């Protein structure tokens with residue numbers, strides 16, 4: 001409850017995710033044919049993060065079923081035309097025509113996942129108590145890359161509650177070497193060991 | 001009394017010194033939604049069906065449904081403090097419970113946590129809750145009796161060690177009483193008993209524990225309780241957990257008896273979970289695999305071959321019917337799985353026949369193999385005689401005049417019914433049962449008033465235990481009813497009747 005934003009991020013619409021994956025696949029296949037895959041992914045990220053993220057009105061307008069496709073197409077041409085790849089602009093128009101423009105973020109997530117898979121990359125979420133420096137960053141990338149046999153992309157988070165050490169999450173696997181976790185497990189272990197010993201040598205440990 | 005701080009400090013220091021810090025690698029997922037004892041979790045992409053997972057509040061869950069985008073988890077514990085977005089950790093193991101001598105005499109929940117306030121179960125022995133039952137080659141036929149101490153059952157539907165005998169009937173007909181008597185009768189027989197209470201009122205379970213304690217049966221009994229207030233997943237795993245604890249004794253060459261009270265409620269809990277998990281409903285809205293749910297449980301009761309130590313696990317599942325409806329889904333399923341059933345009826349119960357077993361439709365498919373020879377001899381024709389008597393009784397009610405032979409048969413029948421009545425918590429040793437049934441079937445009771453039969457029985461048993469205990473010892477030792485024993489019983493009965501004056 002301390003962090004309402006984080007609570008909200010977990011709200012996951014598996015239907016939208018499925019949809020995003022499908023659209024992302026179509027977008028990336030088209031981009032691959034044109035040979036501009038990484039540009040497309042970068043630009044899509046830019047659109048979602050900067051334009052939609054920066055202007056909630058625009059995001060709301062894209063999501064709204066009351067604004068018809070023609071109007072949306074006009075806005076897309078005006079805002080994104082020229083500056084972005086025509087492929088992306090066309091793609092957005094297709095989405096608008098199908099009333100799916102509100103799912104642009106899901107498409108972005110799907111496209112990144114798919115692009116990582118295609119290019120043999122993997123995303124590693126690294127949480128630390130203090131910010132990483134470049135040397136450490138390089139070391140983590142290199143070592144993780146060796147272990148996973150993939151190129152590693154880092155996403156860094158600062159979490160002071162970890163006290164020290166770091167937590168790396170790749171996919172669904174978490175490598176946890178934080179001080180907080182070690183303290184927790186040592187506490188648990190000591191508690192268990194202590195209660196077992198207490199039962200065994202109750203006489204010895206107490207005196208009248 | 002006070003704790004010496006030096007000792008405590010040294011123990012803690014030792015723990016800390018021995019702590020080896022490895023990187024904690026875990027597979028995780030995120031809670032999407034939670035409620036009604038189940039959670040849907042995103043992630044956990046490598047989790048296996050039935051694998052244990054842990055929630056941040058310490059609750060244990062089981063991966064129940066593996067779907068394309070999420071995993072359905074059943075939560076075996078407190079699900080009210082789990083929140084959306086919580087991290088779920090896969091533990092990489094199957095659910096297991098503590099087993100061995102440490103669980104005997106305890107009242108536990110289905111995960112092996114204490115409910116009796118006697119502290120945690122201290123043992124290194126654990127057993128997986130779900131295992132595949134032993135196969136054909138590892139078993140042998142049931143041939144050793146498992147005495148329940150109830151005359152009607154030991155005489156007419158005998159139960160062998162390793163058998164599964166269903167106790168079925170409406171509510172309030174004495175089903176649990178039969179099972180409790182069977183547990184009480186295992187005193188000194190080297191049989192470990194397990195009473196699994198599923199969806200029962202906690203007050204009734206407390207009552208059962210009280211009775212077991214009062215009669216000294218808690219020394220060899222474990223009570224596993226998933227009460228009516230426990231979440232459905234706990235009620236669902238309770239019988240498997242109890243069986244896992246009991247199997248420990250079976251696989252170590254010992255004998256165990258387990259009572260599932262009752263499986264209808266377990267089926268209901270399973271139905272609830274399945275429906276919440278959106279598994280398709282079938283007949284009576286039960287999921288398609290509710291048969292397997294019971295068959296894989298009851299299949300684990302067995303008599304092991306001598307190579308494996310010859311241990312056994314006998315089970316007494318209980319099913320509650322509604323208005324005597326045995327053709328409902330769950331009753332027919334369990335009837336077809338078990339090796340026979342004891343059918344208890346409300347009309348018999350209220351007319352004073354207790355245990356209210358209906359001998360006509362109760363069977364034991366193991367039959368005479370699970371009886372000592374002497375019992376087989378005295379009780380061999382009893383079931384058919386009683387059935388004939390019931391038919392005749394209905395006919396006699398028409399008020400027709402009866403010839404003396406028929407009248408005699410009726411009189412004998414009334415006395416046998418009377419003789420098979422037995423008060424609760426009074427299981428009888430098998431030798432006592434043999435002499436009593438001998439007296440009845442050989443007609444020695446024909447001249448006793450029907451209403452004084454039970455008094456006669458009690459006095460006669462007292463007499464034979466006091467004066468002729470050698471006969472009882474001989475029956476117990478030999479197991480057979482030799483001519484010599486038969487003569488001495490005859491003589492004892494004659495002697496008793498000569499000096500017997502019923503109390504007015």
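Any read-out appearing in this document is the output of simple, stated calculations on the displayed coordinates, not a laboratory observation. Source: prediction; values computed, not measured. Virtual Cβ from ideal backbone geometry, glycine too; neighbours counted across all protein chains shown.
For this structure, a couple of remarks:
- Within chain B, the percentage of alpha carbon pairs spaced more than 30 angstrom apart rounds to 54%.
- Over the protein assembly as shown: helical MRE at 222 nm, DSSP H runs n ≥ 4 each giving -39500 (n - 2.57), nearest 500: -14000 deg cm²/dmol
- Pairwise FRET efficiency - residue B:449 versus residue A:159, Cβ, R0 = 51 Å, nearest 0.05: 0.05
- Set of region B:417-447 residues, backbone N closer than 20 Å to the point 7 Å along the Cα-Cβ line of residue B:488: B:429-440, B:442
- Principal-axis analysis of the Cα atoms of chain B puts helix B:453-467 at an angle of about 90° to the longest axis.
- Debye log10 I(q)/I(0) for region A:153-202, one point scatterer per Cα, at q = 0.32 Å⁻¹: -1.14
- Inter-chain neighbour count for B:4-13: the average number of beta-carbon atoms from partner chains within 10 Å of each residue's beta-carbon is 3.
- Full extension of the chain between residue A:73 and residue A:32 yields a length gain of 12.3 nm, computed as 0.36 nm times the residue separation minus the alpha carbon distance.
- Euclidean distance of C-alpha centroids, region A:137-208 and region B:1-32, integer Å: 11 Å
- Peptide A:182-195 is shielded by partner chain Cβ atoms: per residue, an average of 3 of them sit within 10 Å of its Cβ.
- Our note on the geometry: Cα centres of region A:56-120 and region B:193-233, 62 Å apart.
- What the Cβ-Cβ distance of residue B:365 and residue A:134 gives, at R0 = 60 Å and to the nearest 0.05, is a FRET efficiency of 0.20.
- Peptides ranked, highest mean first, by Cβ atoms within 10 Å: ranges B:328-336, A:161-169: B:328-336, A:161-169
- Average beta carbon contacts from partner chains per residue of A:168-175, 10 Å cutoff: 5
- What separates the Cα centres of region B:249-295 and region B:435-449 is a distance of 44 Å.
- Which of B:279, B:161, A:137 has the fewest Cβ neighbours within 10 Å, and the rest in rising order: A:137, B:279, B:161
- Rounded to the nearest whole angstrom, the semi-axes of the ellipsoid equivalent to the protein assembly as shown, taken from the Cα gyration tensor as √(5λ), stand at 70, 32, 19, largest first.
- Counted over chain B, the DSSP beta bridges are approximately 55% antiparallel.
- Judged by the mean number of other Cβ atoms found within 10 Å, the most tightly packed of the peptides B:199-205, B:433-439 leads the ranking B:433-439, B:199-205.
- Of the peptides A:178-185, A:86-93, the order by per-residue mean of other Cβ atoms within 10 Å, starting with the highest, comes out as A:86-93, A:178-185.
- Degrees separating the helix B:430-441 axis from the principal Cα axis of chain B, which is the longest one: 40 degrees
- Degrees, to the nearest 10: A:69-80 long Cα axis against longest axis of chain A: 80 degrees
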